[in-house]
Amino acid sequence: MTPGARAQASIDLLDILMTARKGADDVAGIFFKRRRYIGAKDRRAVRDLVHDVARRRAQLDWWLQRAGVPVDRVPSRARVLAALLLVQGWTESQVAEAFDGGPYRPAALAPEERRAVAALTGRPLAHPEQPSWVSSGAPEWLEPALRRAFGERHEAEMEALNRPAPVDLRVNTLVGTREQALAMLRQDGLHAEPTPLSPVGIRLAGHHQLGAYQAFWSGLVEVQDEGSQILALLLGAKPGERVCDFCSGAGGKALALAAQMRNTGRIVACDVSAPRLERAGRRLRRAGVHAVEQRVLSSERDRWVKRAAGTFDRVLVDAPCSGTGTWRRRPESRWRLPPERLPLILSDQRRILDSAARLPREGGRLVYATCSVLREENEDQVASFLERTAGFEMVPVSEAWAECIGGACPCPDPCLRLSPARHGVDGFFAAVLRRTRARSVATRDEDEAS
Ligand SMILES: C[S@@+](CC[C@H](N)C(=O)[O-])C[C@H]1O[C@@H](n2cnc3c(N)ncnc32)[C@H](O)[C@@H]1O
């Protein structure tokens, strides 16, 4: 593909992403499937440019406005143009050559665009007059919550959230060891290193078509961020136990739990989304996991929850969240989260936690986790749960870490808070709770009435 054709494909993909209801990865997957003529290297270049636009959109828009380009009329074209100049450092003549209206290339530059290109060429992306939400790359409405979450580390954490993430793998210990996986990947020419925190993690340098490698198609490794691996490990699931993965989704954590449990005992993987659970089923079968039962819930208060109350050794609530911790991998998601959605997410989390809390037996564990960095979804949510719910206590994460993973926990706080700047992983939160006593008769009566 010519550089101009890559730019046009990026504009097309951005246009679709702006109105799509599906996740960005799914949208990009469909986009490239319909354009099989776009080879692997060109796909990577298109994805990188689309990600550059998403990460730096606030700054690009700031510059475009200053250069007198109406971003609202043709946002994707204007932003791609600005990203090529300000992020990728294209020259005026490179842009003019690519935007010439030739086959598969963007239409020729309009006079006001030509003036903007001249004004933006050679400029650094940052400018001292940019407001802090613009330079940090967050939507304006989210900035106060991000500042509250990161405190004095705000700048460093936002910078780290704006960098691309490495590819992390989890070794499926049902199939082999981390040493075997490392040897196999290295033999195939990949640069693979053990991850520093997860004992079953591997970090790859660069991006590859992973399906072509034996370690993948043999089921020895799965793609999973190191932070996500840690959440599953913190539940401390043991062979033979009864475990509930309450928000199981496509089964990433259920797979990890099944490996920890040596494919014995019982995992009940629940979700309100039947398609996601179906996808989980396919992944579980491919990995040879048979200790998992899948259950589609009508809501978090499905009748099954009442029937199964008090019968689980461990319960994982990997709650739906804002996804603010995953911006390294899904940079566009920050622009797809409208302000009015956050209060709805918070009330979903509250209801899910209240209902799932019925499941652990006395002495059993409940881990509440999110891939959000916001305190509102994390520490605040747990504090308010402990305030309104009798019979639970917090297990300090240092204690749970020593018991379930071994060694010293990298977080000084009572809960786990992983971040890209401090730990080199996506932003994750987990609170480990212990059920100290069975539900009272009064609580059971309330359940009956509901
Ligand atoms: C963060 S995702 C889970 C990811 C999954 N655990 C994994 O590791 O692949 C949150 C999941 O919660 C599910 N969910 C949303 N509302 C729910 C509810 N009321 N009860 C149970 N699950 C719910 C969503 O369908 C979504 O799959």
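Here, each number is a calculation from the coordinates, and none is a lab measurement. Quantities reported herein were computed from a predicted structural model and do not represent experimental measurements. Cβ coordinates were reconstructed from backbone atoms using ideal geometry, including for glycine residues, and neighbour counts include every protein chain displayed.
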Quiz item: If the cut-off is a Cα-Cα distance under 13 Å, which aspartates and glutamates reach LYS253, setting aside same-chain residues fewer than 8 apart in sequence?
Solution: GLU222, ASP225, GLU226, ASP245, ASP271, ASP318
Quiz item: Among rounded, prolate and oblate, which fits segment 102-179 when a ≥ b ≥ c are the square roots of the eigenvalues of its C-alpha gyration tensor, a/c under 1.5 means rounded, and a/b larger than b/c means prolate?
Solution: oblate
Practice problem: Compare the peptides 365-371, 399-405, 310-316 by average per-residue count of other Cβ atoms within 10 angstrom and give them in order, highest first. | Solution: 365-371, 310-316, 399-405
Exercise. Quick one: which residues, 5 or more positions from ASP245 or on another chain, have an amide H under 5 Å from its amide H? H modelled 1.01 Å from N in the peptide plane, none for Pro or chain starts.
Key: VAL268, ALA269, CYS270, LEU316
Quiz item: From the backbone phi of segment 103-120, what are the Karplus-calculated ³J(HN,Hα) couplings (6.51 cos²θ - 1.76 cosθ + 1.60, θ = phi - 60°) in whole Hz, Gly and Pro given as x?
Solution: x, 6, 9, x, 4, 4, 5, 6, x, 5, 5, 4, 5, 5, 4, 5, 6, 8
Practice problem: Mind jotting down the distance between the C-alpha centroids of segment 296-355 and segment 147-178, whole Å? | Solution: 21 Å
Quiz prompt | Calculated [θ] (222 nm, deg cm²/dmol) that DSSP helices of n ≥ 4 give over the chain, each run adding -39,500 (n - 2.57) | solution = -13000 deg cm²/dmol
Quiz item: Comparing ARG203, ARG47, ARG34, which has the greatest mean-square fluctuation in the GNM of the chain with Cα pairs linked when under 10 Å apart?
Solution: ARG34
Quiz item: Given the alpha-carbon gyration tensor of the chain, what are the semi-axes of its equivalent ellipsoid in whole angstrom, ordered largest first, with each equal to the square root of 5 times an eigenvalue?
Solution: 42, 25, 20
Practice problem: Return one number: the angle in degrees, 0 to 90 and rounded to the nearest 10, between the long axis of the Cα atoms of helix 75-86 and the longest principal axis of the Cα atoms of the chain. | Solution: 80 degrees
Quiz item: How would you classify segment 1-160 from its alpha-carbon gyration tensor, with a ≥ b ≥ c the square roots of the eigenvalues: rounded for a/c under 1.5, else prolate if a/b is greater than b/c, otherwise oblate?
Solution: oblate
Practice problem: Give the peptides 233-239, 270-276 in descending order of average Cβ contacts within 10 Å, highest first. | Solution: 233-239, 270-276
Quiz prompt | Karplus 3J(HN,Hα) series, Hz, for segment 295-309 with 6.51 cos²θ - 1.76 cosθ + 1.60 (x for Gly, Pro) | solution = 9, 7, 9, 6, 6, 5, 9, 3, 4, 4, 4, 5, 5, 8, 4
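Between MET394 and GLU129, what FRET efficiency follows from the Cβ-Cβ distance if R0 is 41 Å, with the result rounded to 0.05?
Working from the Cβ atoms, E equals 0.35.
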